Every structure is written in C-alpha cells, then in structure tokens.
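Visitor: Please see the structure below; I have some questions.
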Amino acid sequence: MGDVSSTEPKGRLGVVGVVRDIPNAITFLGAVSAMLACVLAIEGHYSFAIICVLWSHLADSLDGLVARNMTGRAPGMGDVGKAMDTLGDFLSSGLFPLVLLVSMSGGAPFSIVAGLMVCAAGILRLSYFEAFGLPGGLFVGVPLPHNIIAFSLAYYLGFQFGADQLPEILGVIALIMSALHLSAIRFPKMSMKWIAISAVYIVGMTALLAI
C-alpha cells in the first residue's frame with residue numbers, strides 16, 4: 001500500500017505555520033493588537049486601547065510593504081495574508097470603534113447607532129473590495145483604516161477641549177467616516193511617503209496618549 005500519510009502539497013505550511021511568513025506575522029500581530037484594543041476599551045482603559053489600535057494600523061501599513069519586497073514566499077502565503085489583512089481591518093477599524101463608542105458612552109443610543117453604522121460600513125466596504133478589488137488601481141471611498149487616524153486625533157483633542165462631550169464627538173466622527181467609506185470619492189493607495197508620515201504620527205500620538 002502506498003504512503004498516504006500526507007496530502008498537503010509540497011512546501012505548504014500548516015495553519016499555525018503561516019505566521020512563519022514575515023508579512024503574515026506582521027498582519028497577525030496587528031490583528032492581535034486590535035483584539036487587545038477591544039478588551040482594553042471594554043475595561044475602560046481608553047488611551048491604551050487607542051495606542052494598541054494605532055499600532056495595529058502601523059502593522060497594516062507595513063505588512064504589504066514587506067510582502068512586496070520579499071521573495072521566496074511559500075505557496076499560498078499571499079492569499080493567506082490578504083484574507084488575514086481583511087479580518088484585521090475589520091477588527092481594528094470596524095469592530096473597535098463600535099466597542100469604544102458603546103463602552104465610553106455607557107450604552108447611550110446615539111453612540112450605539114453611530115458605532116453600528118461605522119461597523120456596518122466596514123462590512124460592506126471590505127466585502128465589496130474582496131469581490132471587486134481596486135477599480136483602476138484606486139479605492140472607491142475612504143479606506144477603512146483611516147478610521148483609526150480620525151478616531152485617535154478626535155479622542156486626543158476631545159480630552160484637551162471637552163472630555164465630557166467626547167462620546168458624542170466620537171459618534172459624530174463615526175457617522176462622518178461611515179459616509180466617507182461608502183462614498184464615490186476616489187482615493188489612492190498609500191505611498192511610501194504617507195506610510196512614513198503615518199508612522200511618525202503613530203509614534204507621536206502614542207507618546208502623547210501614554211503621558
């Protein structure tokens with residue numbers, strides 16, 4: 001009888017082994033950081049939650065950059081990374097805003113509606129681009145990860161000028177971003193310049209929020 005102990009194609013990694021691929025490891029760490037951000041938001045540690053989701057955003061920017069400059073990846077790793085990236089984007093830019101808004105407001109109706117809107121916009125947006133990709137190489141509407149930049153900036157400024165109204169401020173931001181996500185605005189992919197600017201912003205905002 002022949003050896004039938006393995007039906008896996010040669011060179012394919014197991015489920016856990018996909019994180020041995022460097023770009024996928026970066027994507028996975030970003031998703032874990034987004035999950036931790038949700039937990040911290042539920043526990044009321046909002047500044048540290050924002051910090052974690054900012055670093056999830058940085059991982060989301062870096063994984064594709066590393067993948068494009070990497071050779072000799074195992075078969076299927078690019079497809080795994082693409083799927084993981086979509087799930088990570090939903091955690092950090094769809095689910096996290098909902099959790100943050102509900103937690104900060106104590107379940108206020110406006111915050112719940114705003115959080116559900118931005119989360120639902122994320123589901124629609126990610127599903128659309130999973131099926132159709134980037135028409136003409138451009139995003140249609142503002143990409144989902146930009147939520148993180150908008151939320152972190154509004155959170156920081158809100159604490160400086162009106163902490164009592166912060167849940168309402170973030171709710172308004174969520175509604176605006178929801179509309180922008182589903183709009184017909186053409187938006188380019190992030191260039192190296194903007195990735196660098198984003199990284200500087202993340203490091204700077206982390207320092208401000210950690211003080």
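The values are calculated or read from the model by the stated rules, or taken from the named source; none is laboratory data. Quick caveat: nothing in here was measured; it's all calculated off a predicted structure. Note: ideal-geometry Cβ built from the backbone for every residue, glycine included; neighbour counts use all protein chains shown. The protein model used for the area step is the full one, side chains on, heavy atoms only, and it has no ligands, DNA or RNA in it. Shrake-Rupley method; radii C 1.70, N 1.55, O 1.52, S 1.80 Å.
Visitor: Can you name the helices (runs of 4 or more DSSP H) wholly within segment 131-211 that have at least 1 residues being aromatic (Phe, Trp, Tyr) and over 23 Å from Cys52 (Cβ atoms)?
Guide: On the way: elements: 146-161, 166-181, 192-210.
Of the helices (runs of 4 or more DSSP H) lying wholly inside segment 131-211, those with at least 1 residues that are aromatic (Phe, Trp, Tyr) and over 23 Å from Cys52 (Cβ atoms) span 146-161.
Visitor: How many residues are surrounded by fewer than 19 Cβ atoms within 10 Å (Cβ to Cβ) and of a type in the set (A, V, I, L, M) if we restrict to segment 99-120?
Guide: Number satisfying all stated conditions: 5.
Visitor: Pairs, please: C-beta under 7 Å, at least 6 apart or cross-chain, first residue within 13 Å of Lys189 (Cα to Cα) and in segment 128-141, second open to solvent by less than 70 Å² (accessible area, probe 1.4 Å) and in a helix (DSSP H, G or I)?
Guide: Gly141/Arg125; Gly141/Leu180; Gly141/His181
Visitor: When you go through (1) under 21 Å from Val66 (Cα atoms); (2) open to solvent by 60 Å² or more (accessible area, probe 1.4 Å) one by one for His146, which number turns out not to apply?
Guide: Looking at each condition in turn, His146 falls short on (2).
Visitor: A follow-up question, please. Could you grab me the full set of residues in segment 55-79 that are crowded, with 20+ Cβ neighbours inside 10 Å and not hydroxyl-bearing (Ser, Thr, Tyr)?
Guide: Within segment 55-79, Trp55, His57, Leu58, Ala59, Asp60, Asp63, Ala67, Met77 qualify.
Every residue, every condition in (1) of a type in the set (D, E, K, R); (2) under 17 Å from Leu175 (Cβ atoms); (3) open to solvent by less than 40 Å² (accessible area, probe 1.4 Å), yes or no:
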position: Tyr46; (1), (2), (3): no, no, no
position: Ala49; (1), (2), (3): no, no, yes
position: Met84; (1), (2), (3): no, no, yes
position: Asp89; (1), (2), (3): yes, no, yes
position: Ser127; (1), (2), (3): no, no, no
